[in-house]
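The next block holds one structure in the form of structure tokens; read it before the comments.
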There are 2 protein chains.
Amino acid sequence: MINFTHNIPTIIYFGKGQVEAIEAELKKRAEKILVVTGQGSVKRNGIFDAVIKQVKKAKIPFIELSGILPNPRLKSVYQGIELCKKEKIDFILAVGGGSVIDASKAIACGVLYKGDVWDFFSKGVRPVKALPIGTVLTLAATGSEMNGNTVITKEDTKRKLAIGSPVLRPCFSVLDPEYTYTVNRYHTAAGVADIMAHIFEQYFSHTHAADVQDRIAEALLKVCLKYGPVACKKPADYDARANILWAGTLALNDLIGEGKEEDWASHAIEHELSAIYDISHGAGLAIVVPNWMKHVLSGKTINKFADYGINVWGIDKHKAKESIAFEAIEKTKNFFKTLGLPVTLKEVNIPSDHFLKMAQSAIQDWGKVGSFKTLAERDIVSILKSSL
Amino acid sequence: MINFTHNIPTIIYFGKGQVEAIEAELKKRAEKILVVTGQGSVKRNGIFDAVIKQVKKAKIPFIELSGILPNPRLKSVYQGIELCKKEKIDFILAVGGGSVIDASKAIACGVLYKGDVWDFFSKGVRPVKALPIGTVLTLAATGSEMNGNTVITKEDTKRKLAIGSPVLRPCFSVLDPEYTYTVNRYHTAAGVADIMAHIFEQYFSHTHAADVQDRIAEALLKVCLKYGPVACKKPADYDARANILWAGTLALNDLIGEGKEEDWASHAIEHELSAIYDISHGAGLAIVVPNWMKHVLSGKTINKFADYGINVWGIDKHKAKESIAFEAIEKTKNFFKTLGLPVTLKEVNIPSDHFLKMAQSAIQDWGKVGSFKTLAERDIVSILKSSL
């Protein structure tokens with residue numbers, strides 16, 4: 001285990017009706033609120049009204065920024081920053097999924113920065129302060145509700161870049177499983193794939209003896225395997241939604257990554273796909289991850305894949321390690337397929353045209369792609385080709 | 001899963017040399033510090049000097065309260081409260097194991113309370129404010145380093161009572177696995193039993209579909225089974241000490257208990273034993289837990305025991321549930337035995353003299369003993385008898 005600092009102060013209000021907790025939270029923290037939303041689903045399903053009811057009970061003035069798109073754009077971030085400055089906003093309340101929360105985070109640090117907010121993403125400038133943020137989550141996927149990360153896409157140059165800072169961790173988040181009932185099958189499945197991919201990025205690592213983190217990672221994966229298909233089939237199954245929601249948050253709040261070297265190669269590759277072709281991030285990961293697994297499987301990595309196969313998929317530990325590894329990878333791919341996700345680039349109409357450019361761009365954006373196996377251009381191209 | 005609020009703000013500095021983090025933490029938080037220690041081991045092994053070096057670097061005046069005993073006494077708490085008042089202390093730094101931390105917590109809330117600090121324990125008064133606390137942990141066991149609980153014994157009446165409050169959660173804790181190298185075999189083993197018992201108290205529950213919590217609980221138990229024996233045999237094995245230390249903290253920081261009904265019957269019974277006979281808490285639990293398990297095993301609880309046997313001990317899932325349950329309980333008892341712990345009251349010279357009184361006292365102190373199975377006086381007596 002590597003030395004680490006565990007510092008996860010976000011308060012989580014988990015369960016039915018927990019939206020009522022935000023009245024007191026806002027009273028403590030806010031004088032004027034920017035309420036950020038996405039493409040309107042929260043207005044159709046009543047969540048927005050429930051949230052605004054609490055804001056009104058707290059008697060705090062607010063204004064709205066709606067229309068945040070999936071793979072949130074820098075344009076919306078600029079718009080939010082301008083609004084916050086003009087309206088003297090001191091608190092941002094994100095009501096939606098990861099994209100809405102990520103846009104809110106970029107706005108929150110952008111408002112208090114004198115330069116261009118894109119400097120944080122493209123020039124390595126670190127955000128040192130940000131407006132406080134609260135979230136009401138409507139989609140189990142990114143973990144943004146309890147971490148300090150945000151991913152923003154600059155549309156004109158098709159660059160999708162990520163940053164992380166403790167100042168971007170929300171003060172509080174409301175996680176009501178019922179608020180995810182209206183997420184359709186495809187986005188539910190993509191969310192599950194995203195959660196599993198986050199776990200893989202932290203699980204597949206050469207760090208020695210980080211058993212606590214690894215056993216917890218396997219625990220969360222088992223929850224995804226059990227409840228992912230249930231949530232897809234029965235959208236209003238409380239148990240399935242609750243377990244996926246909480247697993248998704250714990251999958252990327254630092255708990256299973258701290259104390260370990262992490263990988264993130266699948267994300268580096270997928271960000272290129274969704275930056276250029278604007279596909280759903282989770283679907284992109286369902287395509288990339290199994291091919292990444294096959295590519296990095298070697299004598300040096302096989303023990304970890306065997307652990308994965310035995311501890312997560314329950315494959316017989318007496319089989320040869322190689323068989324266990326291959327079976328585990330195949331099961332992973334089939335699981336995504338069963339959820340109704342694409343597992344080839346063909347299914348989402350992505351041709352091989354830009355593979356080399358994407359590989360170069362991923363290495364440029366991430367500095368180094370992967371640590372479980374560090375990927376060169378030819379590795380990334382090879383993974384993309386096998387994903388066709 | 002039951003609704004819950006997750007609010008665990010304690011900052012953990014985990015790993016070798018992390019004591020250096022306290023200089024900055026103390027500078028932020030303290031003007032005059034009470035440094036609380038136990039029976040002198042931290043002075044012999046150099047930990048006290050390393051801590052004081054940081055306090056001095058921070059240039060903050062401090063005074064010492066040493067001599068806190070295992071099963072910490074109310075007398076020391078009174079002494080600490082008096083010292084804090086006299087010396088105008090505004091921060092408490094606990095350097096030691098759970099007893100030192102628990103005493104520090106009781107002092108921290110006692111200082112700011114006008115009445116008798118024992119009111120919190122015996123009269124149900126809730127602490128609403130406390131001096132801030134930091135800890136440097138030297139024993140993996142109680143989880144007190146990241147939770148708001150404290151257990152204090154009133155010597156004259158032999159009552160050992162527990163309270164919990166968010167104001168008692170430490171601001172920060174330093175967890176350096178090397179700081180646990182000098183813990184002897186017996187106390188290492190007792191610590192592991194304590195950690196496992198904490199997990200059992202939260203794991204064995206009728207709450208439906210708290211899979212995230214339950215799979216994480218199993219993950220932590222597996223870490224104990226793997227590394228407990230190693231830490232006992234090789235006291236300076238970093239991997240073993242690190243995994244046990246982090247598992248012990250996560251075992252009782254709320255993570256695996258929130259969203260569930262918890263039990264705590266084994267603790268209620270053990271507190272009676274250690275209050276009267278002053279045995280090590282972990283050793284008392286090693287005796288009580290397997291007998292509690294046998295006593296509560298029934299048609300209503302067997303599924304949970306089968307999960308435990310299959311997921312933690314790897315018992316063949318095709319066997320009959322009853323066999324799995326009995327085998328799992330037997331393996332638990334043998335595990336404690338292998339660690340060198342007592343598994344009968346005879347081994348620690350406790351006779352049957354006070355069983356009924358202990359049962360009555362447990363019910364009086366806890367209101368209700370157990371929820372997985374609520375225990376009446378005769379149940380507690382029966383568990384104690386089978387522990388002879």
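The values are calculated or read from the model by the stated rules, or taken from the named source; none is laboratory data. Model, not experiment: these values are computed from the prediction. All Cβ positions, glycine included, derive from the backbone under ideal geometry; neighbour counts span all protein chains shown.
Using the structure shown, decide if A:I2 is within 14 Å of another protein chain (Cβ to nearest Cβ), surrounded by fewer than 22 Cβ atoms within 10 Å (Cβ to Cβ) and in contact with a Gly (Cβ under 8 Å, 6 or more places away or on another chain). Yes: the conditions hold for A:I2. Filtering region A:82-135 to residues that are more than 24 Å from A:I60 (Cβ to Cβ), charged (D, E, K, R) and without any contact (Cβ under 8 Å) to a residue 12 or more places away in the chain leaves A:K114, A:D116, A:D119, A:K123. Taking region B:366-384 as the range and being in contact with a helix residue (DSSP H, G or I) (Cβ under 7 Å, 6 or more places away or on another chain) and either of a type outside the set (V, I, T) or in a loop (DSSP other than H, G, I, E, B) (or both) as the test, the residues that pass are B:W366, B:V369, B:G370, B:F372, B:K373, B:L375, B:E377, B:D379, B:S382, B:L384.
In the same structural domain as A:H281 (by TED's automatic domain parsing) and either more than 30 Å from A:N3 (Cβ to Cβ) or at pLDDT below 95 (or both) - does that describe any residue in region A:208-226? The answer is yes, given that some residue of region A:208-226 is in the same structural domain as A:H281 (by TED's automatic domain parsing) and either more than 30 Å from A:N3 (Cβ to Cβ) or at pLDDT below 95 (or both).
Here's the yes/no breakdown for (1) small (G, A, S); (2) within 19 Å of the chain's Cα centre (by Cα):
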| position | (1), (2) |
| --- | --- |
| A:W264 | no, yes |
| A:E270 | no, yes |
| A:V288 | no, yes |
| A:S298 | yes, no |
| A:T301 | no, no |
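The set of residues in region A:350-365 being out of contact with any helix residue (DSSP H, G or I) (no Cβ under 8 Å at 6 or more places or on another chain) and either within 15 Å of A:N291 (Cα to Cα) or assigned to a loop (DSSP other than H, G, I, E, B) (or both) consists of A:P351, A:D353.
None of A:G164, A:G248, A:G148 is in contact (Cβ under 8 Å) with a residue 12 or more places away in the chain, small (G, A, S) and in the same structural domain as A:T374 (by TED's automatic domain parsing) except A:G248.
Here A:V312 meets each of (1) in a loop (DSSP other than H, G, I, E, B); (2) in contact with a Lys or Arg (Cβ under 7 Å, 6 or more places away or on another chain) with one exception, condition (1). In region B:109-148, of all residues being among the small types (G, A, S) and assigned to a loop (DSSP other than H, G, I, E, B), the one that is farthest from the chain's Cα centre (by Cα) corresponds to B:G115. Got at least one residue in region A:22-30 being acidic (D, E), crowded, with 19+ Cβ neighbours inside 10 Å and closer than 24 Å to B:G259 by Cα? Scanning region A:22-30, I find at least one residue that is acidic (D, E), crowded, with 19+ Cβ neighbours inside 10 Å and closer than 24 Å to B:G259 by Cα, so the answer is yes. In this structure, does A:V42 turn out to be over 26 Å from B:P9 (Cα atoms) and either modelled with pLDDT of 95 or more or at the interface with chain B (Cβ under 7 Å from one of its Cβ atoms) (or both)? When the stated conditions are applied, A:V42 passes them. The requirement of being farther than 30 Å from B:T157 by Cβ, within 14 Å of chain A (Cβ to nearest Cβ), within 21 Å of the chain's Cα centre (by Cα) and buried (at least 17 other Cβ atoms within 10 Å of the Cβ) is not satisfied by B:L339.
What do you reckon, is A:A231 modelled with pLDDT of 95 or more and at the interface with another protein chain (Cβ under 9 Å from one of its Cβ atoms)? No; evaluated as a whole, the condition is false for this residue. Just one of the listed residues (A:A209, A:A251, A:A242) is within 12 Å of another protein chain (Cβ to nearest Cβ), small (G, A, S) and surrounded by fewer than 23 Cβ atoms within 10 Å (Cβ to Cβ), and it is A:A209. Please pick out the residue among B:I22, B:I52, B:I33 that is of a type in the set (V, I, T) and within 14 Å of chain A (Cβ to nearest Cβ). After ruling out the rest, the residue left standing is B:I22. Counting the residues of region B:256-278 that are modelled with pLDDT of 95 or more and aromatic (F, W, Y) gives 1. Against the list (1) in contact with a helix residue (DSSP H, G or I) (Cβ under 8 Å, 6 or more places away or on another chain); (2) farther than 22 Å from A:L139 by Cα; (3) polar (S, T, N, Q), the condition A:S266 fails is (2).
Looking across B:K368, B:K373, B:K337, one residue alone is under 24 Å from B:L225 (Cβ atoms) and at pLDDT 95 or above. It is B:K337.
When A:A275 is tested against (1) in contact with a strand residue (DSSP E or B) (Cβ under 7 Å, 6 or more places away or on another chain); (2) within 21 Å of B:Q213 (Cα to Cα), only condition (2) is not met. Against the numbered list (1) touching a Pro at 6+ places or on another chain (Cβ under 9 Å); (2) modelled with pLDDT under 95, A:F91 comes up short only at (2). Taken as a whole, the condition of being assigned by TED's automatic domain parsing to the domain that holds A:L339, surrounded by 24 or more Cβ atoms within 10 Å (Cβ to Cβ) and of a type outside the set (G, A, S) applies to A:V192. A:R169 passes every criterion in (1) over 30 Å from A:F62 (Cβ atoms); (2) at pLDDT 95 or above; (3) within 19 Å of the chain's Cα centre (by Cα) apart from (1). Does region A:39-55 include one or more residues that are in the same structural domain as A:K160 (by TED's automatic domain parsing), crowded, with 21+ Cβ neighbours inside 10 Å and under 22 Å from A:R159 (Cβ atoms)? No.
A:D307 - would you say it is assigned by TED's automatic domain parsing to the domain that holds A:H198, touching a strand residue (DSSP E or B) at 6+ places or on another chain (Cβ under 7 Å) and of a type outside the set (A, V, I, L, M)? So A:D307 does not fit the description; no.
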